[in-house]
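Asker: Input: one structure, supplied below.
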Amino acid sequence: MKHGVFLILVLMMYGCSSPSPSWEDINEEGAFLVYRRQSQIGEESFSITSTKDSIIVRSLQGENERGRITGVQAELHLDMDLSPTYYVNQRIANDDTTNIFKLEVRPDQVSVWEKHFEVSTSATPPTFFPVHSNIPAAMEMMLYHYYFRQGQPTGITTLPRGEVSIVHKGQDIVEIKGEKITLDRYVVEGINWGGRTIWLDEDKNLIALVKANTQIRELVRKGYEEALPIFIAGNVTEQMNALSDYTRDLKGDQPELTALVGGDVIDGLSDITQKDMTVIIEDGRIKSIKSRLQTGIPENARVIDVSGKTLMPGLWDMHAHSNQVQWAPAYLAGGVTTIRDNGNEIEFATAFRDAIAMEGALGPDILLAGMTDGAGIMGNGVIRATTPEEAREVVAMYCDKGYKQIKIYTSIEPDVLKVLAEEAHKRGITLTGHVPRAVGNTIAAVESGMNQLSHRALFLSLLFPDKTTTELGRTYLADSELSTDQIDRATAFFLKHNTVLDPTIALNVVRGLSRGLPVETVEPDAGRIAYELFEGKRFRAGLSPARAKRAQEDYTIAMKIIGDMYRAGVPIVAGTDNVVPVYSLYLEIETYHKLGGLTPLEAIKTATIIPARAMGLDSETGTLEVGKEADIAILEKNPLLNIEYLRTVSAVVTNGNYYKSTPLWKAADFKARED
């Protein structure tokens with residue numbers, strides 16, 4: 001698509017026109033503003049027209065998200081009773097179109113095409129609507145009109161699969177240009193992972209929605225943007241209500257004393273497995289770890305038989321983006337008891353963290369790193385520090401809210417970075433994140449005060465100190481000659497500054513797939529995630545075979561270097577960046593072992609004691625030791641024998657609370673593991 005078309009798309013300004021009381025003779029235009037982390041990144045324009053026997057809805061969405069320009073066009077045909085007859089959704093890029101989703105209704109049958117999937121044909125259900133996780137707002141609005149036309153059923157069948165439920169939750173009053181308008185708030189499940197919060201006006205037109213999957217987005221009908229804070233707050237309320245439901249249904253009564261009897265223990269310090277042990281937990285902490293034959297069980301303790309299972313420290317994900325409460329059961333089911341959220345919306349992130357930490361809600365412990373970026377279209381999120389004074393204000397704001405780190409993004413200016421670091425260090429917190437483009441290179445970023453760095457392609461640019469991160473190509477390691485001296489100098493630099501590295505190598509492994517290969521090629525458990533996630537994760541754009549081969553060579557070289565740095569003492573921590581939720585943490589750890597040469601125990605330490613130490617919590621958690629928090633993953637098999645046995649988590653203990661994995665997986669809409 002020509003850039004001019006995108007420009008027109010982004011600049012189109014339609015007013016909020018009032019809907020007609022009837023679907024006859026409709027000729028309506030409108031627009032939704034698209035936000036990511038509360039920063040506007042695009043716009044969806046739409047039109048609704050009708051003839052004497054059909055309604056046609058057209059949508060055109062354009063986004064410029066940190067310089068990545070994308071477009072989607074869609075068209076929906078409906079009978080006058082709002083029954084769908086045709087739908088197509090296409091991605092637009094570089095004068096090419098790619099079908100994402102298509103539906104055609106013929107007499108007695110309906111056919112559905114999904115990207116990279118075979119066409120499926122079935123009998124036409126009596127009532128149904130086409131739905132996919134990235135459905136445009138205009139088409140979603142017609143779903144709600146259809147719902148009310150059908151008499152508000154408890155659920156609506158959706159194609160290609162599933163059912164949508166729509167539940168009224170209350171009303172919110174918004175003030176638009178001085179006029180107070182009452183909107184109805186609903187929670188809708190069955191479109192994205194978990195639920196989305198929507199607002200409809202009195203004529204049942206969609207006014208706003210907040211959704212997640214793996215990132216929060218807000219879509220707001222143009223003219224209502226001044227009510228964005230109300231929509232954000234309403235979504236937080238509904239998310240916390242959902243978390244309360246998970247806690248009520250899954251946590252149950254947790255006794256003060258628990259005995260895990262007969263399991264084999266990996267303490268996270270030694271590669272020796274202690275056989276047939278009993279672990280006593282009292283008030284959320286480990287009271288004793290002794291041989292089963294030498295341990296008496298207190299009379300009032302809950303006894304859990306873990307014979308034949310392996311107990312190890314709960315895992316950490318050091319590059320999480322936990323944008324909705326479904327992460328709580330999903331992470332715990334996989335044995336993850338602590339996460340560092342590396343950039344999120346403040347309102348949701350603080351509420352999520354506090355519900356778990358202060359109110360006993362179900363979920364892993366959450367440590368927050370506050371996303372901060374500079375000015376311009378390349379910036380990420382709504383929190384920007386463009387001057388030294390703004391930098392001081394940002395650090396003060398995050399510290400007041402209990403954040404543990406400042407997350408640096410790529411548009412920060414050098415003078416602002418130094419002030420962010422100075423202010424953060426004064427207040428006892430650290431800096432993590434990306435090497436900003438204007439700062440130039442890894443050396444300058446670390447010497448400006450960054451304590452931790454994300455993404456191996458960014459921080460390994462230290463190997464080429466005379467080049468900036470923007471001058472190096474995507475596969476610069478595979479394309480360059482590397483000497484031992486280069487690696488030694490880089491290692492010495494990181495050791496001198498005690499820099500913590502967060503490689504997110506699993507992201508490289510998945511992104512290195514050839515075009516057309518499903519993610520299961522490298523991540524065998526991808527098919528277990530909730531379908532609304534799998535729909536978007538299974539097939540990525542992919543690379544040509546030649547580029548894929550080069551990318552794989554590049555991250556293989558990177559892992560050898562990172563393995564050498566680990567053995568030299570550089571702190572390496574495991575994180576996912578949500579590439580395949582939960583399971584990519586296993587892939588990350590496995591890759592450290594398989595390509596980095598780390599032993600199983602060393603690889604496990606990147607997700608246990610090393611992140612605990614990096615966050616100043618190693619005296620509290622990260623290993624199984626008497627006096628520490630009872631953060632324990634319970635596995636069917638011993639991962640010291642085979643690193644892939646990390647995938648056999650069957651139960652978890654977090655802060656002393658015991659959960660079986662299968663109910664947690666099911667609550668998160670993931671498929672439970674089959675032994």
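Asker: Does residue 411 satisfy the criteria of being under 30 Å from residue 485 (Cβ atoms) and either assigned to a helix (DSSP H, G or I) or of a type outside the set (D, E, K, R) (or both)? Can you show your working first?
Answerer: Numbers: under 30 Å from residue 485 (Cβ atoms): no; either assigned to a helix (DSSP H, G or I) or of a type outside the set (D, E, K, R) (or both): yes.
In short, no.
Asker: Right, another one. Return the residues of segment 248-269 that are within 22 Å of residue 356 (Cβ to Cβ) and assigned to a loop (DSSP other than H, G, I, E, B); say none if nothing qualifies.
Answerer: Hits for segment 248-269 are 251, 252, 253, 254, 255, 256.
Asker: How about segment 176-198: which of its residues are surrounded by 15 or more Cβ atoms within 10 Å (Cβ to Cβ), free of Cβ contacts under 8 Å to residues at least 24 places away in the same chain and outside any strand (DSSP E or B)?
Answerer: none
Asker: Being touching a helix residue (DSSP H, G or I) at 6+ places or on another chain (Cβ under 7 Å), assigned by TED's automatic domain parsing to the domain that holds residue 157 and modelled with pLDDT under 90 is the requirement here; does residue 69 meet it?
Answerer: Yes: the conditions hold for residue 69.
Asker: Given the conditions (1) under 19 Å from residue 659 (Cα atoms); (2) crowded, with 16+ Cβ neighbours inside 10 Å; (3) in contact with a strand residue (DSSP E or B) (Cβ under 9 Å, 6 or more places away or on another chain), report the number of the one that residue 303 does not fulfil.
Answerer: Against the list (1) under 19 Å from residue 659 (Cα atoms); (2) crowded, with 16+ Cβ neighbours inside 10 Å; (3) in contact with a strand residue (DSSP E or B) (Cβ under 9 Å, 6 or more places away or on another chain), residue 303 comes up short only on (2).
Asker: Could you identify the single residue in 669, 577 that is surrounded by fewer than 24 Cβ atoms within 10 Å (Cβ to Cβ) and either free of Cβ contacts under 8 Å to residues at least 40 places away in the same chain or closer than 30 Å to residue 561 by Cβ (or both)?
Answerer: Details: 669 fails: either free of Cβ contacts under 8 Å to residues at least 40 places away in the same chain or closer than 30 Å to residue 561 by Cβ (or both).
Among 669, 577, only 577 is surrounded by fewer than 24 Cβ atoms within 10 Å (Cβ to Cβ) and either free of Cβ contacts under 8 Å to residues at least 40 places away in the same chain or closer than 30 Å to residue 561 by Cβ (or both).
Asker: How many residues does segment 38-94 contain that are outside any strand (DSSP E or B) and under 18 Å from residue 219 (Cα atoms)? Let's see the steps before the verdict.
Answerer: Taking segment 38-94 and keeping what is outside any strand (DSSP E or B), we get 38, 51-53, 66-67, 80-83, 94.
Next, only the ones that are under 18 Å from residue 219 (Cα atoms) stay: 38, 66.
So the answer is 2.
Asker: Same structure, new question: Being assigned to a helix (DSSP H, G or I), in contact (Cβ under 8 Å) with a residue 40 or more places away in the chain and not assigned by TED's automatic domain parsing to the domain that holds residue 354, is that true of even one residue in segment 202-225?
Answerer: Quick first cut of segment 202-225, residues assigned to a helix (DSSP H, G or I) only: 225.
If we keep only those that are in contact (Cβ under 8 Å) with a residue 40 or more places away in the chain too, we end up with 225.
With not assigned by TED's automatic domain parsing to the domain that holds residue 354 added as a condition, the list becomes 225.
Yes, because at least one residue in segment 202-225 is assigned to a helix (DSSP H, G or I), in contact (Cβ under 8 Å) with a residue 40 or more places away in the chain and not assigned by TED's automatic domain parsing to the domain that holds residue 354.
Asker: Let me ask something else. For residue 615, indicate whether it is out of contact with any Cys (no Cβ under 9 Å at 6 or more places or on another chain), assigned by TED's automatic domain parsing to the domain that holds residue 509, under 30 Å from residue 484 (Cα atoms) and at pLDDT 95 or above. If you could, list the steps in order and put the result at the bottom.
Answerer: Numbers: out of contact with any Cys (no Cβ under 9 Å at 6 or more places or on another chain): yes; assigned by TED's automatic domain parsing to the domain that holds residue 509: yes; under 30 Å from residue 484 (Cα atoms): no; at pLDDT 95 or above: yes.
Here the answer is no, as residue 615 does not meet what is asked.
Asker: State all residues of segment 398-433 that are touching a strand residue (DSSP E or B) at 6+ places or on another chain (Cβ under 8 Å) and more than 18 Å from residue 615 (Cα to Cα); if no residue qualifies, say none.
Answerer: If the condition is that a residue be touching a strand residue (DSSP E or B) at 6+ places or on another chain (Cβ under 8 Å) and more than 18 Å from residue 615 (Cα to Cα), then 409, 410, 411, 412, 417, 420 are the ones that fit.
Asker: Still on this structure, please answer the following. Does residue 314 satisfy being within 29 Å of residue 613 (Cβ to Cβ), assigned by TED's automatic domain parsing to the domain that holds residue 405, crowded, with 18+ Cβ neighbours inside 10 Å and in contact with a strand residue (DSSP E or B) (Cβ under 6 Å, 6 or more places away or on another chain)? Break it down into steps so the answer makes sense when it comes.
Answerer: Numbers: within 29 Å of residue 613 (Cβ to Cβ): yes; assigned by TED's automatic domain parsing to the domain that holds residue 405: yes; crowded, with 18+ Cβ neighbours inside 10 Å: yes; in contact with a strand residue (DSSP E or B) (Cβ under 6 Å, 6 or more places away or on another chain): yes.
So residue 314 passes the test.
Asker: Of all the residues that make up segment 465-496, how many are more than 21 Å from residue 437 (Cα to Cα), surrounded by fewer than 19 Cβ atoms within 10 Å (Cβ to Cβ) and not acidic (Asp, Glu)? Step through it out loud before you land on a result.
Answerer: Filtering segment 465-496 for residues more than 21 Å from residue 437 (Cα to Cα) gives 478-489, 491-492, 495-496.
Subset that is surrounded by fewer than 19 Cβ atoms within 10 Å (Cβ to Cβ): 478-489, 492, 495-496.
Those left that are additionally not acidic (Asp, Glu): 478, 480, 482-484, 486-487, 489, 492, 495-496.
Qualifying residue count for the region: 11.
Asker: Related question: List every residue pair whose Cβ atoms sit under 8 Å apart, with the two residues 6 or more apart in sequence or on different chains, where the first one lies in segment 160-175 and is touching a residue at least 60 places away in the same chain (Cβ under 8 Å) and the second, anywhere, is surrounded by 15 or more Cβ atoms within 10 Å (Cβ to Cβ) and among the aliphatic types (A, V, I, L, M).
Answerer: 162/131; 169/187; 172/183; 172/230
Asker: Name, by its number, the condition in (1) at pLDDT 95 or above; (2) of a type in the set (A, V, I, L, M); (3) under 29 Å from the mean Cα position of the chain (by Cα) that does not hold for residue 135.
Answerer: Tallying (1) at pLDDT 95 or above; (2) of a type in the set (A, V, I, L, M); (3) under 29 Å from the mean Cα position of the chain (by Cα), residue 135 fails exactly one: (1).
Asker: So, in segment 243-261, how many residues would count as being of a type outside the set (S, T, N, Q), buried (at least 19 other Cβ atoms within 10 Å of the Cβ) and touching a Gly at 6+ places or on another chain (Cβ under 9 Å)?
Answerer: Number of matching residues: 2.
Asker: Tell me which residues, restricted to segment 283-297, are in a strand (DSSP E or B) and in contact (Cβ under 8 Å) with a residue 60 or more places away in the chain.
Answerer: First, the residues of segment 283-297 that are in a strand (DSSP E or B): 285-291.
Hits for segment 283-297 are 285, 286, 287, 288, 289.
Asker: Pick from segment 418-436 the residues that are over 26 Å from the mean Cα position of the chain (by Cα) and not small (Gly, Ala, Ser): which of them is farthest from residue 396 (Cα to Cα)? Show your work before the answer.
Answerer: Filtering segment 418-436 for residues over 26 Å from the mean Cα position of the chain (by Cα) gives 418-419, 421-423, 425-428.
Now drop any that are not not small (Gly, Ala, Ser), which leaves 418-419, 422-423, 425-427.
Details: 418: 15, 419: 12, 422: 12, 423: 8, 425: 12, 426: 11, 427: 9 Å.
This residue is 418.
Asker: On to the next question. Is segment 513-521 home to any residue that is β-branched (Val, Ile, Thr) and either under 30 Å from residue 160 (Cβ atoms) or touching a Leu at 6+ places or on another chain (Cβ under 6 Å) (or both)? Write out each step before concluding.
Answerer: Residues of segment 513-521 that are β-branched (Val, Ile, Thr), as a first pass: 519, 521.
Filter again for either under 30 Å from residue 160 (Cβ atoms) or touching a Leu at 6+ places or on another chain (Cβ under 6 Å) (or both), leaving 519, 521.
Scanning segment 513-521, I find at least one residue that is β-branched (Val, Ile, Thr) and either under 30 Å from residue 160 (Cβ atoms) or touching a Leu at 6+ places or on another chain (Cβ under 6 Å) (or both), so the answer is yes.
Asker: Taking segment 116-151 as the search range and keeping residues that are touching a helix residue (DSSP H, G or I) at 6+ places or on another chain (Cβ under 9 Å) and assigned to a loop (DSSP other than H, G, I, E, B), which one is nearest to residue 45 (Cα to Cα)? Before the answer, list the steps.
Answerer: First, pick out the residues of segment 116-151 that are touching a helix residue (DSSP H, G or I) at 6+ places or on another chain (Cβ under 9 Å): 127, 129-135.
Next, only the ones that are assigned to a loop (DSSP other than H, G, I, E, B) stay: 127, 131-135.
Details: 127: 28, 131: 19, 132: 19, 133: 19, 134: 15, 135: 14 Å.
Looking at the filtered set, the residue picked out is 135.
Asker: Residues being under 32 Å from the mean Cα position of the chain (by Cα), surrounded by 13 or more Cβ atoms within 10 Å (Cβ to Cβ) and among the aliphatic types (A, V, I, L, M): count how many of those fall in segment 110-132.
Answerer: Number of matching residues: 2.
Asker: Which residues, counting only those in segment 100-141, are more than 15 Å from residue 88 (Cα to Cα) and aliphatic (A, V, I, L, M)?
Answerer: 123, 141
Asker: Same structure again: Can you spot a residue in segment 536-546 that is outside the structural domain of residue 100 (by TED's automatic domain parsing) and closer than 17 Å to residue 586 by Cα?
Answerer: Looking for residues that are outside the structural domain of residue 100 (by TED's automatic domain parsing) and closer than 17 Å to residue 586 by Cα, one finds at least one in segment 536-546, hence yes.
Asker: Which of the numbered conditions does residue 7 fail, given that it passes all the others? Conditions: (1) at pLDDT 95 or above; (2) more than 23 Å from the chain's Cα centre (by Cα).
Answerer: It is condition (1) that residue 7 fails.
Asker: Here is a check on your reading of the model: is residue 425 out of contact with any His (no Cβ under 6 Å at 6 or more places or on another chain) and closer than 21 Å to residue 505 by Cα? Steps first, please.
Answerer: Numbers: out of contact with any His (no Cβ under 6 Å at 6 or more places or on another chain): yes; closer than 21 Å to residue 505 by Cα: no.
Against the criterion (out of contact with any His (no Cβ under 6 Å at 6 or more places or on another chain) and closer than 21 Å to residue 505 by Cα), residue 425 does not qualify.
Asker: Something else about it: Which ones in segment 490-539 are aliphatic (A, V, I, L, M) and touching a strand residue (DSSP E or B) at 6+ places or on another chain (Cβ under 6 Å)? Walk me through how you get there before you give the answer.
Answerer: The initial filter retains those residues of segment 490-539 that are aliphatic (A, V, I, L, M), namely 490, 492, 495, 500-501, 505-507, 509-510, 513, 517, 519, 522, 526, 529-530, 533.
Correct list: 500, 501.
Asker: Somewhere in segment 590-597, is a residue out of contact with any helix residue (DSSP H, G or I) (no Cβ under 6 Å at 6 or more places or on another chain) and in contact (Cβ under 8 Å) with a residue 24 or more places away in the chain?
Answerer: Among the residues of segment 590-597, at least one is out of contact with any helix residue (DSSP H, G or I) (no Cβ under 6 Å at 6 or more places or on another chain) and in contact (Cβ under 8 Å) with a residue 24 or more places away in the chain, which makes the answer yes.
Asker: Which ranges mark the helices (runs of 4 or more DSSP H) fully within segment 556-630 that have 3 or more residues being on the phi < 0 side of the Ramachandran plot and over 24 Å from the mean Cα position of the chain (by Cα)?
Answerer: Numbers: elements: 583-594, 600-605, 609-614.
Because the criterion is at least 3 residues that are on the phi < 0 side of the Ramachandran plot and over 24 Å from the mean Cα position of the chain (by Cα), the helices (runs of 4 or more DSSP H) in segment 556-630 that meet it are 600-605.
Asker: Which members of segment 636-648 meet the condition of being buried (at least 24 other Cβ atoms within 10 Å of the Cβ) and not in a loop (DSSP other than H, G, I, E, B)? Spell out the reasoning first.
Answerer: Pass one, segment 636-648, residues buried (at least 24 other Cβ atoms within 10 Å of the Cβ): 639, 646.
Listed by number, the list holds a single entry, 646.
The values are calculated or read from the model by the stated rules, or taken from the named source; none is laboratory data. This is a predicted model, so every value here is computed, not measured. All Cβ positions, even for glycine, are placed from backbone atoms using ideal geometry, and neighbour counts span all protein chains on display.
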